Amino acid sequence: MKVRIDLLTKSLGDTIGAVCQVDKYQKNTNNEVAFYINKNFTILFEKSYPNIVFNPQNFIFDNRIDIGFKFDRPLQKGFSDDLGLDYEELNTKIDTTPKPRNIKQKYFTISTHSTHQGRYWNNKDGWNLLLKYLKKKYNLSAVCIDKHEYFGIANYMNPIPKESINRCGLNIDDCVNYIYHSEFHIGTSNGLSWLAHALNKKVILISNVTKNWCEFTNNILRIDNEKVCHGCLNEDKFDASNWLWCPKNKNFECTKEISFESIKDKVDQFIKDLNTIS
């Protein structure tokens with residue numbers, strides 16, 4: 001049977017989360033599968049998944065399946081459910097052809113932006129205090145690989161941390177290379193955190209607007225705080241048109257209450273466990 005599968009979102013994180021579930025579907029059914037995703041991301045998967053055809057033109061199919069993110073369950077489980085699979089968390093493989101590293105010193109990558117204000121680390125000094133600390137104690141530089149230097153809406157434009165090396169606006173291939181040569185990644189709930197995870201980098205994920213089961217759960221230090229308002233993105237009906245969506249009107253306390261001091265010990269233990277940094 002020829003099956004067309006359409007991903008109903010264009011985001012990088014959702015795409016990475018979906019590909020491995022589509023791969024499982026193809027292998028379980030032995031159907032001929034055409035998977036339609038954001039065309040900018042096909043270069044990440046074509047070699048790793050030769051059993052799937054990405055975005056073919058004029059594909060004649062017997063059945064079509066639309067898959068999308070379900071807010072009330074883990075991201076990958078939503079795709080798995082749409083495909084009729086028994087759920088298991090899987091790691092997507094990324095096509096990687098390493099190029100020379102662009103920075104001589106040891107560094108980690110960061111991704112600070114996301115798709116609405118609630119997904120940001122909204123603690124005023126959090127990012128810069130953390131990056132300054134990691135530079136001073138471990139001589140680790142932070143390389144920001146966000147798409148934009150500033151992102152948001154009027155009066156809520158979020159800058160990248162001033163303590164980071166600005167590499168904003170890279171193409172996806174260069175983002176892969178920076179992550180590949182990095183020690184680890186620190187990010188919010190966004191596509192670049194998913195990309196780092198898919199590249200088998202350990203990730204520090206700062207998110208409290210999502211439940212601790214929403215994103216990937218392996219190879220990760222998750223930074224959250226369940227003592228304050230949290231998890232609304234997986235509980236309340238999300239309004240994607242409202243950048244300042246905060247259904248319980250707690251003014252983003254979910255991440256405002258995550259201070260640098262409150263996570264310093266966890267980050268130190270994370271780096272100690274890496275065994276690659278002296």
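The values are calculated or read from the model by the stated rules, or taken from the named source; none is laboratory data. Everything numeric in this text was worked out from a predicted model, so none of it was measured. Reconstructed Cβ throughout: ideal geometry from the backbone, glycine too, with neighbour counts over all protein chains shown.
For this structure, a couple of remarks:
- Residues (part of a helix (DSSP H, G or I) and either more than 16 Å from Ile37 (Cβ to Cβ) or in contact (Cβ under 8 Å) with a residue 60 or more places away in the chain (or both)) located in segment 77-116: Lys77, Phe79, Ser80, Asp81
- Take the conditions (1) without any contact (Cβ under 8 Å) to a residue 24 or more places away in the chain; (2) not in a strand (DSSP E or B); Phe216 misses just one of them, which is (1).
- Take the conditions (1) hydrophobic (A, V, I, L, M, F, W, C); (2) crowded, with 18+ Cβ neighbours inside 10 Å; (3) out of contact with any Lys or Arg (no Cβ under 9 Å at 6 or more places or on another chain); Phe184 misses just one of them, which is (3).
- All positions within segment 5-18 that are touching a Lys or Arg at 6+ places or on another chain (Cβ under 8 Å) and crowded, with 20+ Cβ neighbours inside 10 Å: Ile5
- Segments classed as strands (runs of 3 or more DSSP E), wholly inside segment 121-197, with at least 2 members that are without any contact (Cβ under 8 Å) to a residue 12 or more places away in the chain and more than 19 Å from Lys99 (Cβ to Cβ): 156-159
- Any hit, segment 112-124, residues being hydroxyl-bearing (Ser, Thr, Tyr) and farther than 30 Å from Leu8 by Cβ: no
- A count restricted to segment 77-95 and to residues that are among the β-branched types (Val, Ile, Thr) and touching a Leu at 6+ places or on another chain (Cβ under 7 Å) stands at 1.
- Long-range neighbours under 7 Å by Cβ, at least six apart or interchain, first residue under 12 Å from Lys227 (Cα atoms) within segment 243-258, second modelled with pLDDT of 95 or more and polar (S, T, N, Q): Cys254/Asn208; Thr255/Asn122; Thr255/Asn123; Thr255/Asn208; Glu257/Asn225; Ile258/Asn123; Ile258/Asn208; Ile258/Asn225
- Scope segment 92-115; condition surrounded by 15 or more Cβ atoms within 10 Å (Cβ to Cβ) and at pLDDT 95 or above; matching residues: Thr92, Lys93, Ile94, Lys106, Tyr107, Phe108, Thr109, Ile110, Ser111, Thr112, His113, Ser114
- Test: residue in segment 154-172 that is under 30 Å from Tyr25 (Cα atoms) and aliphatic (A, V, I, L, M): yes
- Any hit, segment 29-38, residues being within 17 Å of Gly191 (Cα to Cα) and outside any loop (DSSP other than H, G, I, E, B): no
- Remark: pairs (first residue in segment 47-64, in contact (Cβ under 8 Å) with a residue 24 or more places away in the chain and assigned by TED's automatic domain parsing to the domain that holds Ile37; second residue surrounded by 12 or more Cβ atoms within 10 Å (Cβ to Cβ) and of a type in the set (Phe, Trp, Tyr); Cβ separation under 8 Å; 6+ apart in sequence or on different chains) = Ile52/Phe35; Ile52/Phe45.
Okay, residues lined up against (1) polar (S, T, N, Q); (2) part of a helix (DSSP H, G or I); (3) at pLDDT below 95:
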| position | (1), (2), (3) |
| --- | --- |
| Arg222 | no, no, no |
| Lys227 | no, no, no |
| Ala240 | no, no, yes |
| Cys246 | no, no, no |
| Glu261 | no, yes, no |
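- If you go through segment 4-28 and keep only what is within 19 Å of Val203 (Cβ to Cβ) and assigned to a loop (DSSP other than H, G, I, E, B), you end up with just Ser11.
- Residue among Lys248, Lys227, Lys266, Lys237 that alone is closer than 21 Å to Asp125 by Cα, out of contact with any strand residue (DSSP E or B) (no Cβ under 9 Å at 6 or more places or on another chain) and not small (Gly, Ala, Ser): Lys227
- Residue count for segment 19-78, restricted to those that are within 25 Å of Leu199 (Cβ to Cβ) and not charged (D, E, K, R): 32.
- Output for segment 57-71, where each listed residue is assigned to a loop (DSSP other than H, G, I, E, B) and surrounded by 12 or more Cβ atoms within 10 Å (Cβ to Cβ): Phe59, Phe61, Gly68, Phe69, Lys70, Phe71
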